Amino acid sequence: MNLNGRRESSNVEDRRGMGGGKRAGMGAGIVGVIIAMAIAYFSGGDPLSAGMQALQENGGLGSLTGNNTEVSAEQREFTEEEQELAHFSTQILAGTEDVWKEIFKEHNSVYQVPTMVLYTDGTQTACGQGSAQMGPFYCSGDQKLYIDLSFFTTMKQQLGADGDFAYAYVIAHEVGHHVEYLTGILEETHAKMARMSQTEANKLSVRLELLADFYAGVWAHHDNKMFGSLEDGDIEEAINCAQVIGDDYLQKKARGYAVPESFNHGTSRQRVKWFKRGLETGDVSQGNTFECSDSEL
């Protein structure tokens, strides 16, 4: 990505190196439950059991539960790579602010910016205790997105998803959940999910996640239009990332088969489709994940 001269967001809390309190299971971030399965797979554990356990422990996006295991992060000097990732992340957040402010203004509304929290290992959130184990996540309780930057290394080493635009997609996806919160979709859907069986709730979770993928594409469309940020290979990086975090891809890689009723983020095909729709159209009205049929997803 071309980010030369781009501003950094001031809506950032840097908690890296601070004591994080309790380590916890995480709700549905960009990979949410499926990254738990990937971690189990690469560490020799049982991916399906890990994924199902994470599903049982978490009520959905931004819903966190502590497990009373104390963790403490030591103060330390950050590497040049870590500082570059922090700088990059704050620039991407600034880009989402610029884009969504304009989109909301066009719809006679005001975009309330979220805060990005950079942390190490674990941190306190309004949704409970946060942990880096489950990847980046959005908490609607405090309207903050939480990122342990080591997740990008995990993406590269364990999922084969690398590149600055792939990382930008991760951040833009979580901001997409903030847009869902501001428009009322997030809370309304979570309320419905709480009254459903796990299988039915998973189906709604998929639609939330695909909508966030779509919003990430919308952001990329307008960010490129405003700043000329996309370079050769960027789109391929994001598409590859969307493919390798599909529920079916990870489950088949881990066990040789997929369990569709356990999907809660969407298949590789679905995630690529909705990201590309947002990227190609830049039109928020095209994000009708809650209106189309299962076969149309």
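The values are calculated or read from the model by the stated rules, or taken from the named source; none is laboratory data. Not measured: the values here are computed from a predicted model. Reconstructed Cβ throughout: ideal geometry from the backbone, glycine too, with neighbour counts over all protein chains shown. Keep in mind that these areas ignore ligands, DNA and RNA; they rest on the heavy atoms of the full protein, side chains included. Shrake-Rupley method; radii C 1.70, N 1.55, O 1.52, S 1.80 Å.
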From the residues in segment 106-135 that are more than 21 Å from residue 15 (Cα to Cα) and outside any helix (DSSP H, G or I), which one is least open to solvent (accessible area, probe 1.4 Å)? 111
Please go through segment 223-269 and pick out each residue that is closer than 26 Å to residue 93 by Cα, buried (at least 17 other Cβ atoms within 10 Å of the Cβ) and aliphatic (A, V, I, L, M). 230, 235, 238, 239, 242, 244, 245
Given (1) open to solvent by 50 Å² or more (accessible area, probe 1.4 Å); (2) part of a helix (DSSP H, G or I); (3) among the β-branched types (Val, Ile, Thr), index of the condition residue 103 fails: (1)
Would you pick out the residues in segment 251-272 that are in a helix (DSSP H, G or I) and either aliphatic (A, V, I, L, M) or in contact (Cβ under 8 Å) with a residue 24 or more places away in the chain (or both)? 251, 253, 254, 255, 261, 262, 268, 270, 271, 272
Conditions (1) under 13 Å from the mean Cα position of the chain (by Cα); (2) modelled with pLDDT under 95; (3) open to solvent by 10 Å² or more (accessible area, probe 1.4 Å) -> residue 215 fails only (2)
Evaluate the following for residue 285: is it under 22 Å from residue 175 (Cα atoms), more than 20 Å from the chain's Cα centre (by Cα) and buried (at least 21 other Cβ atoms within 10 Å of the Cβ)? no
With the first residue restricted to segment 110-127 and required to be aromatic (Phe, Trp, Tyr), and the second required to be surrounded by fewer than 20 Cβ atoms within 10 Å (Cβ to Cβ) and not in a loop (DSSP other than H, G, I, E, B), Cβ contacts under 7 Å at 6 or more apart or on different chains are 111/101; 111/104
Restricting to segment 161-197, and then to whatever is open to solvent by less than 10 Å² (accessible area, probe 1.4 Å) and acidic (Asp, Glu), can you tell me which residue is nearest to residue 289 (Cα to Cα)? 180
Being outside any helix (DSSP H, G or I) and of a type in the set (Asp, Glu) is true for just one of 237, 231. Which residue is that? 231
